[in-house]
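Participant: The structure follows.
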Amino acid sequence: VQLQASGGGLVQAGGSLRLSCAASGSSFTLNPVGWYRQAPGKPRELVATFTSGGRTNYRDSVKDRFTISRDNAKNTMYLQMNSLKPEDTAVYYCRADHVGGYAYWGQGTQVTVSS
């Protein structure tokens, strides 16, 4: 099983990016969890996740700016990021959990927001 994250880049403040995370291998055994990020010198933090009942959860600082979604047919989840701010600069990681409980992480994609 592999998770391939893509879509990061350099963008000016106020701009938008769309991150993608595609699962390959025995992806039918995975439950998509969501997106996390890690800025230099800081711990990894939750950005947006899927919760039970088809709901979603966001950290307060990205609410109303970021949207998490998924396409089950393509085994892919997305993170649409609008109105980006310099403090959103980080490496973004996607996560999916095996039905047995093991967590898989994508390799990370760098998002840099210039002021």
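The values are calculated or read from the model by the stated rules, or taken from the named source; none is laboratory data. What you are looking at is a predicted structure, and each value in this text was computed from that prediction instead of being measured. Positions of Cβ are generated from backbone atoms using ideal geometry, with glycine treated the same way; all protein chains shown enter the neighbour counts. To get the accessible areas, we keep the full protein, side chains included, count just its heavy atoms, and leave off ligands, DNA and RNA. Shrake-Rupley method; radii C 1.70, N 1.55, O 1.52, S 1.80 Å.
Participant: Identify, from the list Q107, Q80, the residue that is over 13 Å from L3 (Cβ atoms) and in contact (Cβ under 8 Å) with a residue 60 or more places away in the chain. Before you say what the answer is, go through the steps one by one.
Facilitator: Working: Q107 fails: over 13 Å from L3 (Cβ atoms).
Exactly one residue qualifies, and that residue is Q80.
Participant: Separate question: Among residues belonging to region 51-60 that are in contact with a strand residue (DSSP E or B) (Cβ under 9 Å, 6 or more places away or on another chain) and surrounded by fewer than 18 Cβ atoms within 10 Å (Cβ to Cβ), point out the one that is farthest from V113 (Cα to Cα).
Facilitator: Filtering region 51-60 for residues in contact with a strand residue (DSSP E or B) (Cβ under 9 Å, 6 or more places away or on another chain) gives 51, 56-59.
Then keep just the ones that are surrounded by fewer than 18 Cβ atoms within 10 Å (Cβ to Cβ); that gives 51, 56-57, 59.
Values: T51: 28, T56: 25, N57: 23, R59: 18 Å.
Taking the candidates together, the pick is T51.
Participant: Right, next: Could you list, in sequence order, the residues of region 41-64 that are out of contact with any Asp or Glu (no Cβ under 8 Å at 6 or more places or on another chain) and assigned to a helix (DSSP H, G or I)?
Facilitator: Start the filter on region 41-64 by keeping residues that are out of contact with any Asp or Glu (no Cβ under 8 Å at 6 or more places or on another chain), which leaves 41-58, 60, 63-64.
Passing the criteria: S52, G53, G54, D60.
Participant: If I go through region 69-110 residue by residue, how many of them are open to solvent by less than 20 Å² (accessible area, probe 1.4 Å), part of a loop (DSSP other than H, G, I, E, B) and in contact with a Ser or Thr (Cβ under 6 Å, 6 or more places away or on another chain)?
Facilitator: 0
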